[in-house]
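The structure appears below as structure tokens.
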Amino acid sequence: MRDDSRVRAGRALRLSLLIALALLFLIPFYLLVRNGLSSESDITSPEWTFFPSSLRWGNIKELFDDTSVPFARSLLNSSLIAVATTLGTLLLASLAGYGLARIPYRHANKVFFAILGTLMVPASVTFVPTFVLVSSLGWVSTMRGLIVPTLFSAFACFIFRQYFLGFPRELEDAARVDGLGYWRTYWQVVVPNSRPVFAAVGTIVFIGAWNSFLWPLVIGQDRDSWTVQVALSSFTTSQVIRLHELFVAAAVSIVPLLVVFLFFQRWIVAGVERSGIDD
């Protein structure tokens with residue numbers, strides 16, 4: 001009986017801790033929704049209420065009708081950039097990782113360590129040279145300038161390489177018996193059987209591309225090339241602060257991230273576990 005009481009007490013304690021952590025995690029989302037559906041006076045009022053007396057659903061319409069901030073266009077730009085960056089990174093990094101893991105080459109380890117060495121270089125060091133290059137190509141305020149410089153990820157290459165090192169060689173040997181080379185083996189055998197790691201890396205890259213701020217701020221110099229993060233920053237300036245629009249815009253901007261995360265969450269942990277990152 002005493003052991004059963006201890007087990008029940010332990011379960012109750014763990015459940016209470018999980019509930020407390022979940023509520024703590026949900027506080028920022030609550031604040032976004034609460035303030036996004038409030039008026040400026042409700043947000044800045046010294047008397048706090050859990051929710052305002054009347055929810056201003058018109059704030060959402062006001063956000064998209066605001067001519068000073070093209071928020072709908074910014075959502076479209078961020079979506080295009082995030083999707084293109086994710087697909088490009090998955091293609092380039094997976095090809096590099098597969099080549100380093102499977103194609104015999106005596107300098108493969110040196111190339112791999114050189115790629116890892118780029119992770120130790122601060123982004124601020126390469127920021128100005130990259131901007132000068134993009135500017136000289138005439139890519140300022142274009143999708144090419146926002147997407148192309150961010151396509152390759154050394155971290156994604158590392159994850160793919162570690163994963164492919166543990167990929168079953170028997171499947172590849174069977175493909176070669178059927179006359180497939182490295183290229184067709186990669187597309188017809190490796191990729192279809194590597195969905196967890198592709199989903200995990202793709203989710204990480206998508207979230208990073210969606211949340212990127214500094215590079216789109218510098219390259220997207222006209223309003224038509226603004227991303228969501230740049231648009232959010234425009235609601236708080238030295239001339240005006242529109243808190244209700246800022247909060248409702250922030251709430252709207254995280255919806256795509258939630259959808260992507262909820263859709264791929266079952267593959268994220270599996271992909272990282274099978275990548276051999278802890279080896």
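The values are calculated or read from the model by the stated rules, or taken from the named source; none is laboratory data. Quick caveat, the model's predicted, so the values are computed rather than measured. When we count neighbours, we look across all protein chains shown, and the Cβ atoms used for this are built from the backbone with ideal geometry, even at glycine. Areas reflect the complete protein model, heavy atoms only, side chains present, ligands, DNA and RNA absent. Shrake-Rupley method; radii C 1.70, N 1.55, O 1.52, S 1.80 Å.
I need the shape label for the chain. Rule: rounded when a/c is under 1.5, else prolate if a/b > b/c, else oblate, with a, b, c from the alpha carbon gyration tensor.
On the way: a/c = 2.55, a/b = 1.30, b/c = 1.95.
Note, shape of the chain comes out oblate.
In the complete set of protein chains, residue-level accessible area for D42 is approximately 50 Å², probe 1.4 angstrom.
Applying the criteria of a DSSP loop state and at most 13 other Cβ atoms within 10 Å to the GluC sites (Glu not before Pro) of region 1-100 yields E47.
Got a number for carbon plus sulfur as a percent of the chain's accessible area, 1.4 Å probe? Taking all protein chains in place, the chain shows 67 percent carbon and sulfur surface. With Cα atoms as the point set, the radius of gyration and Dmax of region 1-136 evaluate to 26.0, 77 Å. Helices in the chain, meaning DSSP H runs of at least 4 residues, each add -39500 (n - 2.57). Divided by all residues, the mean residue ellipticity at 222 nm is -22000 deg cm²/dmol.
In the elastic network of the chain, a GNM with C-alpha springs shorter than 10 Å, the most mobile of G181, G145, G97 is G181.
Of the chymotrypsin sites (Phe, Trp or Tyr not before Pro) in region 143-227, which ones lie in a loop per DSSP and count no more than 14 other C-beta atoms within 10 Å? Display every interim value, and only then the final one.
Numbers: sites: F152, F155, F158, F160, Y163, F164, Y182, W183, Y186, W187, F198, F206, W210, F213, W226; in loops: F152, F213, W226.
Listed in order of number, the matching sites are F213.
Loop-located chymotrypsin sites (Phe, Trp or Tyr not before Pro) in region 69-126 (DSSP state other than H, G, I, E, B) with a sparse environment of at most 11 neighbouring Cβ atoms within 10 Å: Y105. Couplings 3J(HN,Hα) of region 196-205, computed from phi: x, 6, 5, 5, 5, 5, x, 5, 4, 5 Hz, in residue order, whole Hz [Karplus 6.51 cos²θ - 1.76 cosθ + 1.60, θ = phi - 60°; x for Gly and Pro].
Quick one: grab the alpha carbon gyration tensor of region 205-269, order the square roots of its eigenvalues as a ≥ b ≥ c, and give me rounded if a/c is under 1.5, else prolate or oblate depending on whether a/b is larger than b/c. Mind dumping the intermediate values first?
Working: a/c = 3.33, a/b = 1.65, b/c = 2.02.
Oblate, because a/c is 1.5 or more while a/b does not exceed b/c.
Label positions at L92 and I27, each projected 7 Å from the Cα along the C-beta direction, are separated by 4.0 nm.
Accessible surface for the chain, divided over its residues, is 59 Å² per residue with a 1.4 Å probe.
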